[in-house]
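The values are calculated or read from the model by the stated rules, or taken from the named source; none is laboratory data. All figures in this text were calculated on a predicted structure; none of them were measured in a lab. Because the Cβ atoms are built from the backbone with ideal geometry, glycine has one as well, and the counts that use them run over all protein chains shown.
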Amino acid sequence: MLKKLALSTAVGALAAGSALAQDIDVKLGVLNDRSGTYADLSGEGSAVATRMAVEDFGAAEKGMNVEVISADHQNKPDVGSNIARQWYDVDGVNAIVDVPTSSVALAVADITAEANGVLLDSGAGSTSLTRDQCQPTTVHWTYDTAALANGTGGAVTNAGGEKWFFLTADYAFGHSLEENTMAVVEENGGEVVGNVRHPFPSQDFSSFLLQAQGSGADVIGLANAGGDTVNAIKQASEFGITQAGQSLAALLMFVTDVHSLGTQTAQGLNLTEAFYWDQNDATREWSARFEEEMGSKPTMVHAGAYSATMAYLAAVEELGSAEDGRAVVAKMREMDIDDPLFGKVTVRGDGRAIHDMYLFEVKSPDESEGEWDLYNEISTISGEDAFLPMLDECDFSKS
Amino acid sequence: MERTAPQSTTDPTPDTPMAHQAGMPRLHKVIFAILLAFLIVLPFLVYPVFAMKVMCFALFAAAFNLLLGFGGLLSFGHAAYFGGASYVAAHAAKVWGLTPELAVLCGTLAAGVLGLAIGFLAIRRQGIYFAMVTLAFAQMVYFFSLQAPFTGGEDGIQSVPRGDLFGLIPLEDNVALYFFVLAVTFAGILFLYRIVHSPFGQVLKAIRENEPRAISLGYNVARYKLMVFVLSATFAGLAGALKSQVFQLSSLTDVHWAMSGEVVLMTLLGGMGTIFGPLVGAAIIVTMQNYLATFGAWVTIIQGVIFVIGVLLFREGIVGVISRWIKRPL
């Protein structure tokens, strides 16, 4: 599949008439959380994945000097935007990769547009990146909260989980996640039998879980994130909720969270991801190489950093320069990307990368054959169904 | 000033006691002049946005130091004024379309009003209770910021326009904005200096040293405390409002309790109760956060180690130690 990508870009390169012996300087900055809550799911792993992409792309052989640097934004938008500005203005960075934490990602997206760089976002979930704060220089690669809500809400409802109860973190993020998912559930013929809002952050979910248990719902949707989701799942396991026949659906969760919870606690949980290491030969081969360097399996954020970088480098090669960020992103929109990890990917006019998403169920301890053998694939959600439709004012491919 | 500069910095014996001198002591004048000269060339040496960030935090720490170092009141909720003002200023510039100076003014006033409301209740308690009350209110501000529709939740307020100063001078350019921030910060710090060395400041120090005695001398201690609280909150707000213009965003980081902790760290590291200490502390912490960003998790560890070393070896802070060496207040 790598060959296909290389081939398609080579054909493009020929068509564009650019010589292979060209000397293109590219500098990539991996900006993410390397010390806080998202360090496991992004962190150094994304830098490793980006370097792997540079290597696999064969940048050196193609006459491209690609340098990868990285920094910790500490989940603070001011730190992140300061680094981003400095990277563009002083250090000559052409593209910034990863950037989890929506407040930082949105700040970096603005700066990127100003500096005419490229933001290859893998770690952030905010749909604003390609909607109300869309920029012609943003590529949002891996996932967004709407896709997760769509995936989990739609697929679980279709699989027979028709009555939903929501456990929602009481702030803007939780509300929007709940709202999105509710709409999807009802669209697919499901029914919302109740919801409860819990304070953010919360340690004790017992009373909320009892309400959920008593509601007669088939599915308990967890419209929260991070520590709240992990706590809720732990306590649900203590109450024996999944054993009693109700299932849990996490609306924002990563393989590293499931790994740290263990299959005993997390078994039966439904969740949507864009990538799982054990999907096919290509993902297994890549993940094994990743594990050699990092000591853990990659998350979808790591895989996204890899794939987005591959596509970016292909576009840069075709253009023969990384200087004009808008042009590079425009080139990325034109390409038919066949990625080893994400399969067929297209970058839409608003910068949203469209690819399949997958609904997974966490295996029981009996089924699981190893530390990282965590998911059963339940269904595939096509990119068109998973992601929100494009807003007209964000379609940068027109102008 | 330049003629006397080497003389006063090398002379080890203190001249006439500061308290009896009218106006600003020569040493301080020299330091302020050197500082100003340094800050004028700074944007051409380092990245201007970074320099502006240092100045915003220097002003924030100086405002905090007014309350802690001179008023003897440890507030653990100064992020509320810093972040609150940053939200108001960002909203004013983005949604109401105000010019930068008016947006900053809005933010600053909002912080002052917030400081008045919180201070009015908090000064009724002392010591750790005071700190806890301020922390509790700051958490309330945090939750308000998390929930209120206009703050954008965890996305924050983004792409705040920098606008034109007085509707005339465009601030899009980093260097132009730098000199605006420099002017405001420097004026703010001079104003804080003036407060500290005014009769009002003397009374504050008296209250800090011995509150019952100040009461017995007939001072209305509660009123003084409230005033210094409001002043400190206002200047913290000024710093936050400036920061929102510099970074063109305002986010939950600014109202988070960790920000309240950071400003305590800056003040203690630089030297509590000194004029220049908070500036030094802010510069060190912000520089570390910026230049050590590539080391990831090490930033927080190094910060922690430096703080522990500071507490164990030089409890007066960096400037406090220097001040002791040269036997002059700084």
Does B:VAL175 count as surrounded by 17 or more Cβ atoms within 10 Å (Cβ to Cβ) and either among the aliphatic types (A, V, I, L, M) or touching a Ser or Thr at 6+ places or on another chain (Cβ under 6 Å) (or both)?
no
Name the one entry in B:ALA241, B:ALA222 that is more than 11 Å from chain A (Cβ to nearest Cβ) and surrounded by 24 or more Cβ atoms within 10 Å (Cβ to Cβ).
B:ALA241
Do we find a residue being at pLDDT 95 or above and within 12 Å of chain A (Cβ to nearest Cβ) anywhere in the stretch B:62-82?
yes
Check A:THR380 against each of (1) surrounded by fewer than 17 Cβ atoms within 10 Å (Cβ to Cβ); (2) outside any loop (DSSP other than H, G, I, E, B); (3) over 21 Å from the mean Cα position of the chain (by Cα) and name the one condition it does not meet.
(3)
Just checking, which of A:ALA249, A:ALA232, A:ALA217, A:ALA236 is assigned to a loop (DSSP other than H, G, I, E, B), at pLDDT 90 or above and in contact with a strand residue (DSSP E or B) (Cβ under 9 Å, 6 or more places away or on another chain)?
A:ALA217
If you go through B:TRP298, B:TRP257, B:TRP325, the only one that is within 12 Å of chain A (Cβ to nearest Cβ) and surrounded by fewer than 18 Cβ atoms within 10 Å (Cβ to Cβ) is B:TRP298
For the stretch A:262-281, give me the residue count where each residue is loosely packed, with under 15 Cβ neighbours inside 10 Å and part of a helix (DSSP H, G or I).
2
A:ASP91 vs. criteria over 19 Å from A:ARG34 (Cα atoms), charged (D, E, K, R) and within 11 Å of chain B (Cβ to nearest Cβ):
yes
Report, by residue number, each residue of the stretch A:81-123 that is among the aliphatic types (A, V, I, L, M) and part of a helix (DSSP H, G or I).
A:ILE83, A:ALA84, A:VAL104, A:ALA105, A:LEU106, A:ALA107, A:VAL108, A:ALA109, A:ILE111, A:ALA113, A:ALA115
Could you run through the stretch A:86-125 and say how many residues are touching a strand residue (DSSP E or B) at 6+ places or on another chain (Cβ under 9 Å) and buried (at least 24 other Cβ atoms within 10 Å of the Cβ)?
24
